[in-house]
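Chemist: Here it is, the structure in full.
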Amino acid sequence: MGNTKTTGTPSVCNGQFLVEAVALSKWFYRKHDVVNAKPAVVTAVDRVSCGIRRGTVLGVVGESGCGKTTLGRMMVNLLEPSEGTVFFDGQDITHIGRREMHTIRRRMQIVFQDPFSSLDPRMTVYEIVGESLKNYRMVKNRKELRERVEYLAERCGLFADQCSRYPHEFSGGQRQRICIARALAAGPDFVVCDEAVSALDVSIQAQVINLLKDLQEEMGLTYLFVSHDLTVVEFISDEVAVMYLGQIVEQGRTEEVFRRPLHPYTEALLSAAPAFLPEEKAAKKRLLLEGDIPSPANPPQGCRFSSRCPQAEPHCREAPPPYREAAPGHFAACHRLNG
Ligand SMILES: Nc1ncnc2c1ncn2[C@@H]1O[C@H](COP(=O)(O)OP(=O)(O)OP(=O)(O)O)[C@@H](O)[C@H]1O
Ligand code: SF4
Ligand SMILES: [Mg+2]
């Protein structure tokens, strides 16, 4: 854990990124059980470095438990990293004081997966969306507050006359629109969308995704967009990072990663959705992800994907593959890329 070698795009720290993670790690201590005397250390995120350029969307994909949510929560300072640094607009926010964080919090928001549990059932839309407008003194009086909430609600696809209603009076899709309006109220620059449409009916998902994309383009927002749905990620993301067992194994422009995947794990993920694979790869025997995902408390030696990789060779288990730029702006960690 003390090793500072990173996975993910190397740090450039030159101001092109609005948000940047540098060698970010998070480990949790799982309570010991009857069999194991010692508490297990779960490394949810392991030395991840990645940057998100201003006004762009970085999609994060990977199987359940690979660390997507943990990474997203650290990037908006909702979870303290065990090691590493998060820069926001050039400022180190990793161990920032509460007061200073209050100012920065306005500029970074999160939209969660579940619009049911993330809204207080006792608050009206006026109160939910208006909370941060009041907290940050962004309106002068009650009239302005009401007008601003109604504007935000309408911008997110609701009607102004619905603003005095409570969350239970809305459908799932409408509740997520309320969550989005709440996230945008204080005028953020950076929004983490963590499986923001996964809990919605398929028929509603496209509408909410379109809304998120329109808002991002109109307001020049920067998103970290976490989703297990590759189609959605392809639609909304400029770049994509592929995570496996707490590490980024591949990152690059979305089209590049989806059409010319370099890492066998990315290929396997994409092969579950053949529309993404180039013809010559789709025509070959499809790579299927077999075997259980190893526990992050006890990852395989060497390359973490070696226990499931159809192309693994003995040396893959000896040393972790270096993370390198195999094509311009396209990074991956696999021994096969070393010639
Ligand atoms: N508070 C916690 N205590 C202990 N372990 C945790 C905690 N939060 C996350 N983990 C573990 O860290 C790993 C990464 O979890 P995380 O929720 O970030 O994954 P994820 O990629 O978001 O998964 P999903 O796709 O299911 O949402 C998992 O093994 C998870 O069990
Ligand atoms: S390093 Fe080896 S095991 Fe890991 S992804 Fe590459 S080929 Fe597979
Ligand atoms: Mg998650």
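Chemist: Rounding to the nearest 20 debye, state how big the charge dipole of the chain is about its Cα centre with +1 on each Lys and Arg Cβ and -1 on each Asp and Glu Cβ. Before the final figure, lay out each step's value.
Modeler: Working: 41 positive and 41 negative charges, 151 e Å.
Magnitude of the dipole: close to 720 debye.
Chemist: What order do you get for 109-116, 24-31 when each peptide is scored by the mean count of other beta carbon atoms within 10 Å, highest first? Provide the component values of the computation, followed by the final result.
Modeler: Working: 109-116: 20.4, 24-31: 17.4.
Ranked by mean Cβ neighbours within 10 Å, highest first: 109-116, 24-31.
Chemist: A follow-up question, please. Please report, for the Cα atoms of the chain, the Rg to one decimal and the Dmax as a whole number; what are they, in angstrom?
Modeler: Expressed in Å, the Cα Rg and Dmax of the chain come to 21.0, 69.
Chemist: What area, in nm² and to one decimal, does the C-alpha convex hull of region 179-224 cast on average over all directions?
Modeler: Details: hull surface 12.1 nm².
The directionally averaged projection comes out at 3.0 nm².
Chemist: Something else about it: Taking only the alpha carbons of region 92-171, what extent do you get along each of the three principal axes, in Å, biggest first?
Modeler: Sorted from largest, the Cα extents of region 92-171 read 41, 32, 22 Å.
Chemist: If you restrict to DSSP beta bridges whose two residues both lie in the chain, what percentage is antiparallel, to the nearest 5? List each step's numbers first, then the result.
Modeler: Values: 29 of 48 bridges.
Taking every DSSP beta bridge within the chain, about 60 percent pair in antiparallel fashion.
Chemist: When the Karplus curve 6.51 cos²θ - 1.76 cosθ + 1.60 is applied with θ = phi - 60°, which whole-Hz ³J(HN,Hα) does each residue of region 60-68 get, with x for Gly and Pro?
Modeler: For region 60-68, the Karplus-derived couplings read 10, 10, x, 5, 4, x, 7, x, 4 Hz, x marking Gly and Pro.
Every read-out reported here was derived from the displayed coordinates using simple, explicitly stated rules and does not represent laboratory data. Nothing here was measured: the structure is a model prediction, and the numbers come from that model. We place every Cβ from the backbone using ideal geometry, glycine too, and count neighbours over all the protein chains shown.
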